[in-house]
Amino acid sequence: MGCGRVGSTLAQTIESRGHSVAVIDQNPDSFRRLSAEFAGQKVTGVGFDRDTLTQSGIEDAYGFAAVSDGDNSNVLAARVARETYGVGNVVARIYDPQRAEIYQRLGIPTVATVRWTADQVLRRMLPLGATDEYRDPSGQVRLAELDYHPGWTGATVARIEAASGARVAFLSRYTEGLLPTGETVLQENDVLHVLMRDEDAAHVERTLTHAPREEEV
């Protein structure tokens, strides 16, 4: 639902991977953003209207993305798709980050555009810290990309976990993802991805963005 820049890009990407796609938008002019080669359905209507959804094939849908410009419309459409039609893979784009967290806790997967953009800008302005990659619906557990002090290079994953209290979920090494063991050694230029409780985040960041004590490496 929504054929803006995000919706049109998403629809064409999904189709390029071999899936059939239907795009819903209230404004038929929005479909001009789709390439001439796009073979999916173009349905003019309101994305949470049952007749519109039925016309788009919602009853056979594997997934539904609500990516219009309206937070309320996106949440309503996502709930209708999930609760009325039983679509298993549903996501809603939400501009208001506080509302996005509420909807996440209600079980509606969301992409908080403003929060994500702000995090990416902060990462480039203030490089030492954590950037969320995922939060569980309760908001209590975070998966974050975490910057670290160069002094941690050469430390084992087991040492990093013992010192910080976080769990190393995986490393990005060059262009490859790596599932580490406790004996894996952090190398220069590795990107560190950790799982941690939200209440422990300040301690984890403080520990790993400062030089380790001698007994920690």
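What follows is calculated from the coordinates using simple rules that are stated; it is not laboratory data. These numbers come from a predicted model, not from an experiment. Reconstructed Cβ throughout: ideal geometry from the backbone, glycine too, with neighbour counts over all protein chains shown.
In terms of modelled amide H atoms, which long-range or inter-chain residues lie less than 5 Å from the amide H of V141?
D136, D198
Magnitude of the Cβ-charge dipole of the chain, K/R +1 and D/E -1, about the Cα centre, nearest 20 debye?
With only Lys, Arg, Asp and Glu charged at Cβ, the dipole is about 440 debye.
Place a +1 charge on the Cβ of each Lys and Arg in region 5-116 and a -1 charge on the Cβ of each Asp and Glu, then give the dipole magnitude about the Cα centre in debye, rounded to the nearest 20.
For region 5-116, the charge dipole is close to 300 debye.
Provide the gained length on full extension for the span I14 to T175, in nm with one decimal, where the gain is 0.36 nm per separating residue minus the Cα-Cα distance.
The span from I14 to T175 would gain 55.6 nm if fully extended.
Is it possible to state the helix-based mean residue ellipticity at 222 nm for the chain, with each DSSP H run of 4+ residues giving -39500 (n - 2.57), the sum divided by total residues, to the nearest 500 deg cm²/dmol? What is it?
About -8500 deg cm²/dmol.
Is any residue of region 66-94 close enough, with backbone N under 18 Å, to a label point placed 7 angstrom from the Cα of I102 along the Cα-Cβ axis, and if so, which?
Residues 70-80, 92-94 qualify, since their backbone N sits under 18 Å from the label point.
Under the Karplus relation 6.51 cos²θ - 1.76 cosθ + 1.60, θ = phi - 60°, what is the ordered set of whole-Hz ³J(HN,Hα) values for region 69-74, x standing for Gly and Pro?
Going residue by residue, I get 7, x, 4, 5, 5, 5 Hz, with x marking Gly and Pro.
Mind listing which GluC sites (Glu not before Pro) in region 152-188 are in a DSSP loop and have 11 or fewer other Cβ atoms within 10 Å?
Passing sites in region 152-188 are E183, E188.
Return the sequence-ordered ³J(HN,Hα) values of region 205-210 in whole Hz as given by the Karplus equation 6.51 cos²θ - 1.76 cosθ + 1.60 applied to θ = phi - 60°, using x for Gly and Pro.
My calculation for region 205-210 gives 4, 4, 5, 8, 8, 10 Hz in order.
Across region 172-188, in residue order, what do the Karplus-derived ³J(HN,Hα) couplings come to in whole Hz, using 6.51 cos²θ - 1.76 cosθ + 1.60 with θ = phi - 60° and x for Gly and Pro?
Whole-Hz 3J(HN,Hα) from phi for region 172-188: 9, 10, 6, 10, 10, x, 9, 8, x, 9, x, 8, 4, 9, 5, 9, 4.
Treat each spin label as a single point 7 Å out from the Cα along the C-beta direction, and report the T209 to E161 distance in nm.
So the label points at T209 and E161 sit 2.4 nm apart.
So, in nm, how far is label T84 from label E183 when the simple model puts each one 7 Å beyond its Cα toward the Cβ?
Going from the T84 label point to the E183 one covers 5.8 nm.
Please identify the chymotrypsin sites (Phe, Trp or Tyr not before Pro) of region 127-217 that satisfy two criteria: DSSP loop assignment and at most 14 other Cβ atoms within 10 Å. Which are they?
Of the chymotrypsin sites (Phe, Trp or Tyr not before Pro), the ones in loops of region 127-217 whose Cβ has at most 14 other Cβ atoms within 10 Å are Y174.
Among [x] 0.94; [y] 1.08; [z] 1.10, which one is Rg/Rh (Cα atoms, Kirkwood Rh) computed from these coordinates?
Entry [y].
Enumerate the amide H contacts of V23 below 5 Å, restricted to partners 5 or more residues apart or on another chain; note that Pro and chain-start residues carry no placed amide H.
Under 5 Å from the amide H of V23: Q41, K42, V43.
So what's the net charge close to A92: Lys and Arg +1, Asp and Glu -1, counting the other residues with Cβ under 11 Å from its Cβ?
+3
What distance in nm separates the two pseudo spin-label positions at S138 and R50, each 7 Å out from Cα along the beta-carbon direction?
It works out to 3.6 nm between the two label points.
Residues with amide H under 5 Å of A169's amide H, sequence separation 5 or more or different chain, H placed in the peptide plane at 1.01 Å from N; which?
Those lying under 5 Å, H to H, from A169 are H193, V194, L195.
Grab the Cα-Cα distance for Y62 and E199, subtract it from 0.36 nm times how many residues apart they are, and report the gain in nm with one decimal.
That works out to 45.7 nm of additional length.
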